[in-house]
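Here's the structure we're looking at; comments come further down.
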Amino acid sequence: MMSSTEALADLKPHEHIKAALRKRARALGFETLRFARPDAIPAAGERLMTFLADGRHGTMDWMETTADRRRDPRQLWPDARSVVMLAMSYAPETDPMAALAEPARGVVSTYAKRSDYHEVMKGKLKELAGVIERQTGEPVKVFVDTAPLMEKPLAQAAGIGWQGKHTNLVSRESGSWLFLGAILTAAAFEADAPEPDRCGRCTRCLDVCPTRAFPAPYQLDARRCIAYLTIEHKGHIPEEFRAPIGNRIFGCDDCLAVCPWNKFAERVREARLHVRAELDNPPLAELMALDDAAFRARFRNTPIKRTGRDRIVRNCLIAAGNARDASFLPQVQALLDDPSAIVRAMAVWAYRRLATPDTVAAATAQRAPAETDPDVRKEWA
């Protein structure tokens, strides 16, 4: 068995590699690069199992099926001896919550207003992984939110930041606006010190949540989270959450935006992560008019594409209903005949909020008996 002195000696030769990696990472647009041990997050694994046992993952069944691998990176790759965690800022230049006061526009989460961060970061991570492989002679694996890896707890263990009361990572240098990437390697690097929790008594992120998705500090019930409901949830959005969603059509930044640590955030340095005009809270009228082909063309190479046209239009119909703007009525009425049941259901909900009571009554009498989907019929009732 290797003694502690021998283990330390084994790590020291890699210190110059760490320094070179940090310098190169900064040049590539990352805010920081730090190291953790793969066995550094046992408590996170236990919290995950409690989260799943309580059903707070909603319909994200993939979280349950990959739970064992998520608990420990060595379950994902037994040869891993070090985890290299990297963070890249996507801090906004304007207030992400300002557009909530513009009901004719669909509010898009800050991270999704730019090119897909997976593609932006992957090549950079591969370059850094190549340095590790060449310098140490040990194999590497690269991940950008594409595998069952608990990036946020690992980033805290590496000292990039801490998981705040909203369960997202918070950094003293970048606030709540960070994309994370990971490199697993069989090379043994000395771990950096973890970052302590610096939330203190602040509860701004908990207090601002429109749907009360935080049962307690440091706990999230995804089933009540607007980000989950508008992005991950494939079915009909429960009625109790529709009014609180407002005009958010892809995600929600409220708990991130109010974090006081954001005042220290660096602005985006990577050119491909600058906000794209066509993604910056687009008009609802434009989005409700999209068919599948037009949707795919408009949102190619963006995070929004993965959610699909039907769910985005579903979300836009909720926003239109919340706007109480009768000018949306012709588009909403046209979507009553959409092929997608989740679109038709929300079209009914929006129609009932925008049309006159007599018009709704007549439409209900005509359409409800012919509707084949029980959930859509329920909206007519």
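Here are the numbers for the structure shown:
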{"quantity": "D291 being of a type outside the set (K, R) and under 27 Å from N168 (Cβ atoms)", "calculated": "no"}
{"quantity": "Looking only at region 178-212, and only at residues there that are among the hydrophobic types (A, V, I, L, M, F, W, C) and free of Cβ contacts under 8 Å to residues at least 40 places away in the same chain, the one that is surrounded by the fewest Cβ atoms within 10 Å (Cβ to Cβ)", "calculated": "A193"}
{"quantity": "Near pairs, Cβ below 7 angstrom, 6+ apart or cross-chain, from region 266-284 (under 17 Å from V108 (Cβ atoms)) to any residue that is small (G, A, S) and outside any loop (DSSP other than H, G, I, E, B)", "calculated": "V268/S89; V268/A91; L279/A112; N281/A99; L284/A319; L284/A320"}
{"quantity": "Residue count for region 145-166, restricted to those that are assigned to a helix (DSSP H, G or I) and in contact with a helix residue (DSSP H, G or I) (Cβ under 6 Å, 6 or more places away or on another chain)", "calculated": "1"}
{"quantity": "R56 being buried (at least 17 other Cβ atoms within 10 Å of the Cβ), assigned to a strand (DSSP E or B), of a type in the set (D, E, K, R) and touching a residue at least 24 places away in the same chain (Cβ under 8 Å)", "calculated": "no"}
{"quantity": "Counted residues, region 178-207 - those being assigned to a loop (DSSP other than H, G, I, E, B) and not polar (S, T, N, Q)", "calculated": "17"}
{"quantity": "In region 239-265, residue farthest from G106 (Cα to Cα) [restricted to those that are of a type outside the set (G, A, S) and not in a helix (DSSP H, G or I)]", "calculated": "C259"}
{"quantity": "Leading residue by the ranking (nearest to the chain's Cα centre (by Cα)) among those in region 290-303 that are surrounded by 15 or more Cβ atoms within 10 Å (Cβ to Cβ) and either within 20 Å of L28 (Cα to Cα) or in contact (Cβ under 8 Å) with a residue 24 or more places away in the chain (or both)", "calculated": "P303"}
{"quantity": "Meets criteria (in a helix (DSSP H, G or I), free of Cβ contacts under 8 Å to residues at least 24 places away in the same chain, more than 30 Å from N301 (Cβ to Cβ) and in the same structural domain as V144 (by TED's automatic domain parsing)) for R22", "calculated": "no"}
{"quantity": "Failed criterion for V142 (all others in (1) part of a strand (DSSP E or B); (2) more than 26 Å from A20 (Cβ to Cβ) hold)", "calculated": "(2)"}
{"quantity": "Single residue of L52, L8 found to be on the phi < 0 side of the Ramachandran plot, modelled with pLDDT of 95 or more and either in the same structural domain as A158 (by TED's automatic domain parsing) or polar (S, T, N, Q) (or both)", "calculated": "L52"}
{"quantity": "Unmet criterion (only one of (1) at pLDDT 95 or above; (2) under 27 Å from F51 (Cβ atoms)) for P303", "calculated": "(1)"}
{"quantity": "All positions within region 103-138 that are at pLDDT below 95 and in a loop (DSSP other than H, G, I, E, B)", "calculated": "R114, S115, D116"}
{"quantity": "Some residue of region 259-281 being touching a His at 6+ places or on another chain (Cβ under 8 Å) and either among the basic types (K, R) or closer than 17 Å to A227 by Cβ (or both)", "calculated": "yes"}
{"quantity": "Criterion: crowded, with 21+ Cβ neighbours inside 10 Å and touching a residue at least 12 places away in the same chain (Cβ under 8 Å) - qualifying residue of A320, A363, A341, A368", "calculated": "A320"}
{"quantity": "For L290: the one exception among (1) assigned to a helix (DSSP H, G or I); (2) of a type outside the set (S, T, Y); (3) within 24 Å of Y228 (Cα to Cα); (4) modelled with pLDDT of 95 or more", "calculated": "(1)"}
{"quantity": "Sole exception among (1) under 23 Å from A40 (Cα atoms); (2) within 20 Å of the chain's Cα centre (by Cα); (3) at pLDDT below 95 for E93, by number", "calculated": "(1)"}
{"quantity": "Checking E93 against (1) over 23 Å from E278 (Cβ atoms); (2) part of a loop (DSSP other than H, G, I, E, B); (3) of a type in the set (D, E, K, R), the condition it does not meet", "calculated": "(1)"}
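The values are calculated or read from the model by the stated rules, or taken from the named source; none is laboratory data. Keep in mind the model is a prediction, meaning the values are calculated, not measured. Ideal geometry is used to build each Cβ from the backbone, glycine not excepted, and the neighbour counts take in all protein chains shown.
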